[in-house]
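Right, one structure below, let's go through it.
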Amino acid sequence: MTTNWTPRYATRIAGMVPSDIRELAKAMRQPDVISFGGGIPEPTLFPHDVVAESFQRVLSDPQTARIALQYSESGGYMPLREYLAGYMGSRGVPCAPENILITSGSQQGLDFVGRLFLSPGDTVLVEMPTYIGALRAFDACEAKYDGLPSADYLRPAKAKFGYLMPDFQNPRGTCMTLAEREDMLDRAAALDLPLLEDSAYESLRYEGMALPPLIALEAKRAGGIDKGRVLYTGTFSKTIVPSLRVGWLVAPVDVIAKLILIKQAADLHTSTLNQMVMMDLAQRMLNEEHLTRVRTLYKRRRDVTLAALEKHMPKGVTWTRPEGGLYIWVTLPEGVDGTTFAARALKENRVASVSGKSCFAVKTVPNTIRLSFSLIPEDKADEGIRRLADMLKKI
């Protein structure tokens, strides 16, 4: 007799659905598909020679190799936490290593914050639209959603925390101005609302002035991180390599202590070898020369994609013009369903995009899609946009 597993699953499983982007990755691997799908880093930017050297540096010395191959403390490799404390300080965030938890990618940071603060039925305030991966992490905690305090959501539901991405937001590509950041902190203070700041794309600015992260502005207001209301997640995935899965959380010391308990329960600690290699890479690669190379390629791809949209798209279609990041948010004419459009475009025209509907927790706007230009060679971008535009014209 075959066991029926369904009634044995925890109640939270009912609210967990596959990520559209993870599912789309299967199609993106097909050679005839022009993909504006996942925001995946361009692999030719990966410093594979330097990565190999870093592994060799760590493992060739018996003393460092013993550390790298052994269990380690749950908070993270202390020299890496010290390095990140210095990095955050350069971003205007004065903090100590004790304010930092090393995570297996910033996605684990989102998961841990959800686990720490959310009981079933609790509310998270989010942007509309917002990052799909954050919704999936909070779904696992059986969360409910409402909009962050704004002109559209003056009186949101009482919530445990708010989640937002001030720099080059996924999926819209937009960046909050300094005035908008200050206003968000004012609104959060009025609601006594903690904020979770996702900074995955802050280093990918192609034009305009860099702005301080929310956690820096809040620390200045409150008199330090430990007195503030902002938590921060960072990652090396978009600037160096994603596969080592090294990210970090910055938070008050008391919050970090609780997050470490969750880390111990989840995986004991992030791979020590990967942390040591990433520290070596960061010290050698997070410089203006490497970042300029990364930004130059993505800026060129953004510009080509924007030019193609301008050239081919019919009237009634609008899109964002991001100053950085990897995404363009496209609003289709009224009555065109983005989910149906994206599915047809992939099947009939071999062009991948992401339905905007999946990026909304509530108040869905169906006539939207997200385009990522990170993996699009310049000679393919114009052709891909032309195919999408031709489909729209037929509709």
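What follows is calculated from the coordinates using simple rules that are stated; it is not laboratory data. As the structure is a prediction and not an experimental result, all values here were calculated from the model. As a convention, Cβ positions derive from the backbone with ideal geometry for all residues, glycine included, and neighbour counts pool all protein chains shown.
As a calculated quantity, the FRET efficiency between Ala222 and Met16 at R0 = 35 Å, using C-beta atoms, amounts to about 0.50. Here the scattering of segment 88-160 is modelled by Debye summation over its C-alpha atoms, one equal scatterer each and no solvent; at q = 0.18, 0.21, 0.24 Å⁻¹ the log10 of I(q)/I(0) is -0.83, -0.96, -1.05. Cβ-Cβ distance of Thr3 and Ala343, R₀ of 41 Å, FRET efficiency by 1/(1 + (r/R0)^6): the value works out to about 0.75.
Among the chymotrypsin sites (Phe, Trp or Tyr not before Pro) found in segment 203-247, those both in a DSSP coil and sparsely packed, with 16 or fewer other Cβ atoms within 10 Å of their Cβ, are Tyr206.
Taking the inverse of the mean 1/r over every pair of distinct Cα atoms in segment 161-249 gives a Kirkwood hydrodynamic radius of 13.7 Å. Measuring from a point 7 Å past the Cα of Lys393 along Cα-to-C-beta, which residues in segment 305-334 have an amide N at less than 11 Å? Taking a point 7 Å out along Cα→Cβ of Lys393, the residues of segment 305-334 whose backbone N falls under 11 Å are 312-315.
Run the paramagnetic zone check for Ala210: 7 angstrom along Cα to Cβ, then residues of segment 255-298 with backbone nitrogen under 18 Å. Only 282-298 pass the distance filter.
Taking every DSSP beta bridge that has both residues in the chain, what percent is antiparallel when rounded to the nearest 5? Please list the in-between numbers first.
Working: 18 of 34 bridges.
The answer is about 55 percent antiparallel.
Residues in segment 31-72 near a label at Arg284, defined as backbone nitrogen under 13 Å from the 7 Å Cα→Cβ point? Only 47-60 fall inside the zone, counting backbone N under 13 Å. Under a cut-off of 26 Å between alpha-carbon atoms, report the lysines in cross-link reach of Lys258, not counting same-chain residues fewer than 8 places apart. Output for Lys258: Lys144, Lys158, Lys160, Lys220, Lys227. A compact globular protein would have a Cα radius of gyration near 2.2 N^0.38 Å; the ratio found for segment 1-153 is 1.40.
Whole-Hz Karplus values for segment 106-120 come out as 5, 4, 5, x, 5, 4, 5, 5, x, 5, 6, 9, 9, 9, x Hz, taken residue by residue from phi with 6.51 cos²θ - 1.76 cosθ + 1.60 and θ = phi - 60°; glycine and proline positions read x. Any chance you could tell me what percent of the C-alpha pair distances in the chain go past 26 Å? Considering the chain, 55 percent of its Cα-Cα pairs are separated by more than 26 Å.
Taking only alpha carbon atoms, segment 103-215 gives an Rg to Rh ratio of 0.95, where Rh is the Kirkwood radius.
Stokes-Einstein, applied to the Kirkwood radius of segment 330-378 over Cα pairs at a viscosity of 1.567 mPa s and 4 °C, places its translational diffusion at 115 µm² s⁻¹.
Once the Cα-Cα distance is subtracted from the 0.36 nm per residue extended length, the Leu297 to Tyr87 segment shows a gain of 73.2 nm.
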